[in-house]
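J.: This is the structure, below, for whatever I ask next.
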Amino acid sequence: MKTKILVVEDEKDISDLISYNLNKEGFEVSVSADGEDALRAIRREKFDLVILDLMLPGMHGLELCRTIKSSEETSSIRVIILTAKNEEVDKVLGLEMGADDYVTKPFSPRELMARVRAVLRRTQEKPAAEKILRIGSLEINTDTYQVLKRGAVIKLSATEFKLLLYLLQRKGRVFGRDMLLNAVWKDEAFVEPGRLTSISGG
Ligand code: CA
């Protein structure tokens, strides 16, 4: 699927220039001339990135940026803001509102495309880590090592936790004893023969 980018810019010459270059790079591009229209577009379809001019008629670009970044459904959309030259305050505010990067006007299309690629690459390198694993009535937090069953905490040793996690992440597969020993206990020097049975039985 193509990466979808929304360009929010009221000056047609500029949005045309940006669209032309994004298209050339192989992106799918939509254009909104104001913040309200942009919000409607964002709620209607899924965008990967928004290139956002701050000086817009109606809703200010910073307000739109804050709206995008504060809603759970849209907060993962990357935002690059376009600011007027020397508007230091706008840059700082934009980044505080969650913008991922900024480009100052006037900009070269080449520079903007480089920023777009860099921001998208950053996103792809850091996929949101799945910290809560839910299977049936079990909830496993891989960050805090907490296991809940129907909301109640189940106490497990570190090894038991590793074994549970290993099996759940490979649900439906069958493992031989040696495979499990190697995967879960490989750091330990010696394993008693009875130990594995007692854990898997419990
Ligand atoms: Ca403008």
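J.: Tell me the carbon and sulfur percent of the accessible area for the range 4-125, rounded to whole percent, probe radius 1.4 Å. Please list the in-between numbers first.
T.: On the way: 3110 of 6370 Å².
For the range 4-125, the apolar C and S fraction of the accessible surface comes to 49 percent.
J.: Shifting gears a bit: Given 0.36 nm per residue, what is the gain on full extension from Gln169 to Leu138 after removing their alpha carbon distance, in nm?
T.: Working: separation 31, 0.36 × 31 = 11.16 nm, distance 1.27 nm.
Once the chain is fully extended between Gln169 and Leu138, it gains 9.9 nm.
J.: Take peptides 58-69, 83-94 and line them up by average Cβ neighbours within 10 Å, highest first, as a rough protection proxy. List each step's numbers first, then the result.
T.: Numbers: 58-69: 19.5, 83-94: 15.5.
Ranked by mean Cβ neighbours within 10 Å, highest first: 58-69, 83-94.
J.: Right, another one. Give the accessible surface of the range 80-153 per residue, rounded to a whole number of Å², with probe radius 1.4 Å and ligands, DNA and RNA excluded. Provide the component values of the computation, followed by the final result.
T.: Numbers: 4780 Å² over 74 residues.
Solvent-accessible surface per residue comes out at 65 Å².
J.: If you don't mind, there's one more thing I want to ask. Under 12 Å from the Cβ of Leu156, count the other residues' Cβ atoms, weight Lys and Arg +1, Asp and Glu -1, and hand me the total.
T.: Values: positive: Lys149, Lys155, Lys162; negative: Glu160.
Residues near Leu156 contribute +2 overall.
J.: Once you've got the Cα coordinates, tell me which of Lys4/Lys131; Lys131/Lys171; Lys2/Lys131; Lys46/Lys171; Lys2/Lys105 are over 25 Å apart.
T.: On the way: Lys4/Lys131 27 Å; Lys131/Lys171 17 Å; Lys2/Lys131 28 Å; Lys46/Lys171 31 Å; Lys2/Lys105 27 Å.
Result: Lys4/Lys131; Lys2/Lys131; Lys46/Lys171; Lys2/Lys105 exceed 25 Å.
J.: Related question: Apply the Karplus parameterisation 6.51 cos²θ - 1.76 cosθ + 1.60, with θ equal to phi minus 60°, to every residue of the range 131-136 and state each ³J(HN,Hα) to the nearest whole Hz, in sequence, with x for glycine and proline.
T.: Once θ is set to phi - 60°, the couplings for the range 131-136 become 9, 10, 9, 10, 9, x Hz.
J.: So, R0 is 25 Å and r is the distance between the beta-carbons of Glu160 and Glu72; what FRET efficiency does that work out to, to 0.05? Working shown, then result.
T.: Values: r = 34 Å, r/R0 = 1.34.
Efficiency, from the Cβ-Cβ distance: 0.15.
J.: Treating only the Cα positions of the chain as identical point scatterers, give the base-10 log of I(q)/I(0) from the Debye formula at each q in 0.09, 0.11, 0.17 Å⁻¹.
T.: Once normalised to I(0) and log-transformed, intensities are -0.54, -0.66, -1.01.
J.: Still on this structure, I have one more. How much length would be gained if the chain were fully extended between Leu17 and Lys2, taking 0.36 nm per residue of separation minus their Cα-Cα distance, in nm to one decimal?
T.: On the way: separation 15, 0.36 × 15 = 5.40 nm, distance 1.97 nm.
Length gained, Leu17 through Lys2: 3.4 nm.
J.: While we're looking at this one, here's another question. For the range 47-60, take each phi angle, set θ = phi - 60°, evaluate the Karplus expression 6.51 cos²θ - 1.76 cosθ + 1.60, and give the result in whole Hz per residue in order, putting x for glycine and proline.
T.: 10, 8, 8, 10, 9, 10, 6, 7, 8, 10, x, x, 4, 6
J.: If you take every residue apart from Lys4 with its C-beta less than 13 Å away from the C-beta of Lys4, what net charge results, scoring Lys and Arg +1 and Asp and Glu -1?
T.: Details: positive: Lys2, Arg44, Lys46, Arg78; negative: Glu25, Glu28, Glu45, Asp48.
Every neighbour counted, the sum reads 0.
The values are calculated or read from the model by the stated rules, or taken from the named source; none is laboratory data. Quick caveat, the model's predicted, so the values are computed rather than measured. With ideal geometry, Cβ positions are generated from the backbone for all residues, glycine too; neighbour counts draw on all protein chains shown. Just so you know, the surface numbers come from the protein's heavy atoms only, side chains and all, with ligands and any DNA or RNA stripped out. Shrake-Rupley method; radii C 1.70, N 1.55, O 1.52, S 1.80 Å.
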